[in-house]
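Read-outs: derived from the displayed coordinates by stated rules, not from any lab. The model shown is predicted, which means the values in this text are computed figures rather than measured ones. Cβ sites come from the backbone with ideal geometry, for glycine too, and all protein chains shown count toward neighbours.
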């Protein structure tokens, strides 16, 4: 019944020596040799791990900026920033306001730019995607391993550019770099140009990663794995890779033209010279809207996998979810104008509004299918499952609040208010980051061979959930009451909700601190993880925990679907690793089938 | 050509008994080799279509002139783009071998062009429906986009600022005298044309010389005082006369030498005082627009020559008569000037 | 049963090529590389797509400026450059053919001709277009200094012209670097009938550069 190792021809002569069976984390020599090994590796697993830790570090940096923004917003007028500088905390002073506002502008730009370009876009594809795409396909590596390493270095290089821009004083244009402000702002050329170039460079990293993934999925599937035998995580990564390849070059040319406009004043975005600043917005959002689906699709893929495995149940509507992923990717290219309703002609705004509603369809298909998957499943309440449930709740709120923003008439009032801020934090953080956390916890045993402390994991998850909701639910209310975004000062009526939001951000931060300690203690002294702690059926659970350098001892052959829990026993699975309530076990100790016997498909 | 079940010639067939490809050690299926005959044919077609693109563009101009009509803008775009698409298909199918390749690659490119089309379509949908505006919402629309409001433009459109800057430059005394000399030589060239065989040859030399002086690149590049333009021009003309004499064209040489001598006799003070900047600018515009570049010594074809020459002459005619030559050197008539190298009249 | 492996004693590098271990066969590696590169070409097309979008928008808004600007360009240089690039595309495709037939010297000659064509393109562009134009003030946006403009939106035309052609020229330079590298490695015997992936890929890039120019030429030089 189980597939893989037994049925295969013997492995050809192994020229790699004893290291072939050591885990990929095994150091190859002294400190210098290990550092060199990691710096020059073409192993997708090592690259994925490097991405993961860098992204988490960038997340921390962006999060600190966010905390600073929220502290600034504790008081309607007082400028905490200059208070820090002048030592007079909580003192409002008219002369400080300009400096304070300037500093605030730089802070939220910093937060936005880091979070969008350096954290969320690469978050799941580059880290978990890199690690698990080949494993799930049964391949030894991605199609172009050296290109993968190049992607990583381009990412690091671009991030350094961004950090330099920040160190030089930072950009105050907002992460969207809208013209004409970005082309005329007093900030000296180097700062704006550096940040813009950073985003340009990071775009290449994204393109090359997407390219690699598409070719890998087409060309390197294990024998017997057709398109509809792949885990849904792969479908999601594949769809987002298509978006990455098609949309990212447009931000490239946009930023290039922005740089020319700024340095040479060529005039294409300058109405005084015949250009059009809204043209910049079109160029910018043609990429930036599809990229939000690059952010969410891999997260959705993780949720599909986590829900199915952690409830030990076949995913409901596999093909529907697979095609919905492609559908979301396709529709994402024709809706970008909904970021610009207040800038465009009425005709275009109406068309874009109507098209925006289309996106809800494949998204809803997915959400309902996930819920149906949980129904009658053997749900394990652990951290990944908890995060998946959190995702369902938060992403639904985020998605539903997108509707008043997609509807033209309501958006005219909500545009540039805190409602927008709350909406995108619900989908980006409540969606992608929660999915990332789910994925990290779900695959942590596989990646590092260690278990984490389940109780503290769940404590962290609950703190994150509670903190997140306090922080951002209040912002919906602020938005509908009229609080604009990107303002350092506001009218007194909004203060209460702002204070609530800030306190929520502290709880949120605490939750992530808990996770940080969970991860560190797991790496330092976690229990050794079995190969398949959750009883998953996809190929990554065939590999050892952590996997060997070449991923699999023998090339696996797929003989069952990825979620056929009702007909297949998971490989390497020991029921003791996966505590199922006794009521759900048969007399022989195996889990009962999730469906009633008389309702066989 | 390829046996469907054979993994070597048809790698789409996966051989379960040999997942690592051990049996045939990674040998290639026979790759399609596109031969030189096909490549050459395609190149010929591509060159043909390039010529066709240019020809259709000229044809449009001819049609507009002959039938005195304006073709709608989309004719030019549609024809040019259709030919470009055909060329693209040829390059992609044969040079890039899409025809012989996995169809997935073709699908990919089609998808890409489709995405690009969506981009252009929706952006255009916004940018070109801006005019649909409710009257009560719009204020008066002022045609702008000329750079007028931009910092550093002196509240002038960019193109106007460039024009003023240039006119100021040619209004400087040094530049004025330089251009007067150029105009004088041009006058002499026109006059020389009527003096028989030798005159024609002399006219060629003189005209080339004046065109060389009126070259826009040279004028832009001239910085600092132009010392004694009359003397310098006279010297060069003397050399040209010597060359003509050496090649046996004595009549021409005499004429050129005569011009060189009379150059130094021009009363520069009076000429500069009565000089018209606007007229010179118009003449320069005629030179700049008519016939493309005016490289040093490069004589345009006779039609261009007469256009530019009469333009120059008309505009630089210092003997009065107020005909400012319109741009593009579309000057119909001949010069009214007396072809006098010493002309010092006024021009408006 | 390939008769393509040479029988003389030292095996050339291309015959000794072993494909990367994560691919099943060398054929698969070749196909995957080609597919991957076509994906990259789509990104290049979309990169230029931004320029074409800007062109399309501004041509519709300012047709007189576009007409005037196009007249200020000399179609003979544009056409010449088109011919140069088409010929270079041909020689590039020929070099692939020669490698497939193991005609190493002819392949190198074709690659050299391709390089020379690329250099010719850049020279024509620089010496006969960019430098003469820039020096008389035909420059983009606020740098504009040409005194004989009729349409006040002419500076915008020059912006699109310079952006489009300079980014294209940058791609020509990148293509030439790739071709030079391939040429060098060909002299060392890296490419042959059973292994010529890099030559094929460089060819694809060069053809794309040619394709972009095929579109830029009529759009920029042939407006009436």
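Averaged across the residues of A:277-287, what count of C-beta atoms belonging to other chains lies within 10 Å of each residue's C-beta?
For this peptide, the per-residue mean of nearby foreign Cβ atoms is 4.
When the gyration tensor of segment B:190-246 is built from Cα positions, what are the square roots of 5 times its three eigenvalues, in whole Å, from largest to smallest?
After scaling each eigenvalue by five and taking roots: 25, 14, 9 Å.
Find the centroid of the Cα atoms in segment A:398-416 and in segment C:118-153, then give the distance between the two in whole Å.
So the two Cα centres are separated by 47 Å.
Any idea what Rg and Dmax come out to for segment A:341-418 if you just take the C-alpha atoms, in Å?
Over segment A:341-418's Cα set, Rg and Dmax evaluate to 16.7, 52 Å.
With equal scatterers on the alpha carbons only and no solvent term, can you work out the Debye log10 of I(q)/I(0) for segment A:97-173 at 0.27 1/Å?
For segment A:97-173, the Cα-only Debye profile gives -1.22.
Which whole number in µm²/s is D for segment A:460-539 by Stokes-Einstein, with the Kirkwood Rh taken over Cα pairs at 20 °C and 1.002 mPa s?
140
Which order do the peptides A:251-261, A:319-329, A:513-523 come out in when sorted by mean C-beta neighbours inside 10 angstrom, highest first? Can you show the working numbers first?
Numbers: A:251-261: 23.5, A:319-329: 20.2, A:513-523: 16.8.
My ranking of the peptides, most packed first, is A:251-261, A:319-329, A:513-523.
Sorted by average packing, counted as other Cβ atoms within 10 angstrom per residue and highest first, what order do B:267-273, A:306-312, A:196-202 take?
On the way: B:267-273: 13.9, A:306-312: 26.4, A:196-202: 23.0.
Highest-to-lowest ranking by the protection proxy: A:306-312, A:196-202, B:267-273.
Which order do the peptides A:22-28, C:145-151, B:154-160 come out in when sorted by mean C-beta neighbours inside 10 angstrom, highest first?
Taking the mean over residues of other Cβ atoms within 10 Å, the ranking is C:145-151, B:154-160, A:22-28.
Working from Cα positions, state the angle (0 to 90°, nearest 10) between the long axis of helix A:383-406 and the longest principal axis of chain A.
40
What number in nm² do you get for segment A:234-325 if you take the convex hull of its Cα atoms and divide its surface by four?
Taking a quarter of the hull surface, the average projection is 6.9 nm².
Would you give the gap between the C-alpha center of segment A:269-304 and the C-alpha center of segment A:513-549, rounded to a whole Å?
36
Relative to the compact-globule scaling 2.2 N^0.38 Å, provide the ratio for the alpha-carbon radius of gyration of segment C:54-139.
Relative to the rule-of-thumb radius for its length, segment C:54-139 sits at 1.50.
What is the Rg over Rh value, at two decimals, for segment A:273-381, using alpha-carbon atoms and the Kirkwood definition of Rh?
1.14
Would you mind giving the mean number of other chain beta-carbons within 10 Å of the Cβ of each residue in A:241-254, as a whole number?
Mean partner-chain Cβ count within 10 Å for A:241-254: 6.
Note the per residue figure in Å³ for the convex hull of the C-alpha positions in segment B:161-283.
Values: hull volume 12.1 nm³, N = 123.
With only Cα atoms used, segment B:161-283 gives 98 Å³ per residue.
Roughly what percent of Cα-Cα pairs across segment A:419-502 reach past 19 Å? Working shown, then result.
Values: 1695 of 3486 pairs.
Tail fraction, whole percent: 49.
Could you tell me the ratio Rg/Rh of segment A:502-569? Both radii from Cα atoms, Rh via Kirkwood. Numbers along the way, then the final one.
Working: Rg = 17.8 Å, Rh = 15.2 Å.
Rounded to two decimals, Rg/Rh equals 1.17.
Under 10 °C and 1.306 mPa s, how fast does segment C:143-224 diffuse according to Stokes-Einstein, given a Kirkwood radius computed over C-alpha pairs? Answer in µm²/s, whole number.
Estimated via Stokes-Einstein, D reaches 103 µm²/s.
Kirkwood hydrodynamic radius (Cα pairs, Å) of chain A?
Details: mean 1/r = 0.0398 Å⁻¹.
Answer for chain A: a Kirkwood hydrodynamic radius of 25.1 Å.
Just counting partner chain Cβ atoms within 10 Å, what average do the residues of peptide B:94-107 show around their Cβ?
4
Can you tell me how much longer the chain between residue B:250 and residue B:40 gets when fully stretched, taken as 0.36 nm per residue apart minus their C-alpha distance, in nm with one decimal?
70.1 nm
Roughly how many Å is it from the Cα centre of segment A:134-171 to that of segment B:206-221, as a whole number?
Answer, in whole Å: 56.
Using the number of other C-beta atoms within 10 angstrom as an exposure proxy, rank A:379, A:237, A:114, A:32 with the fewest first. Please report the intermediate quantities before stating the final value.
On the way: A:379 19, A:237 33, A:114 26, A:32 8.
In increasing order of surrounding Cβ atoms, one gets A:32, A:379, A:114, A:237.
Relative to the compact globular guide of 2.2 N^0.38 Å, what is the alpha carbon radius of gyration of segment A:201-279, as a ratio?
On the way: Rg = 18.8 Å, N = 79, 2.2 N^0.38 = 11.6 Å.
Computed over Cα atoms of segment A:201-279, the ratio equals 1.63.
Which whole number in µm²/s is D for segment A:160-249 by Stokes-Einstein, with the Kirkwood Rh taken over Cα pairs at 10 °C and 1.306 mPa s? The partial results should precede the final answer.
On the way: Rh = 15.5 Å.
The estimated diffusion coefficient comes to 103 µm²/s.
Report relative contact order for chain A in percent, whole number only (criteria: Cα-Cα under 8 Å, sequence separation at least 6). Don't skip to the answer; put the middle values down first.
On the way: 1010 pairs, mean separation 111.4, N = 601.
That works out to 19 percent.
Report the Rg/Rh value for segment A:447-586, based on alpha-carbon coordinates and the Kirkwood definition of Rh.
1.18
Give me the compactness ratio for chain C, meaning the Cα radius of gyration over 2.2 N^0.38 Å.
Values: Rg = 21.2 Å, N = 224, 2.2 N^0.38 = 17.2 Å.
Ratio of Rg to 2.2 N^0.38 Å for chain C: 1.24.
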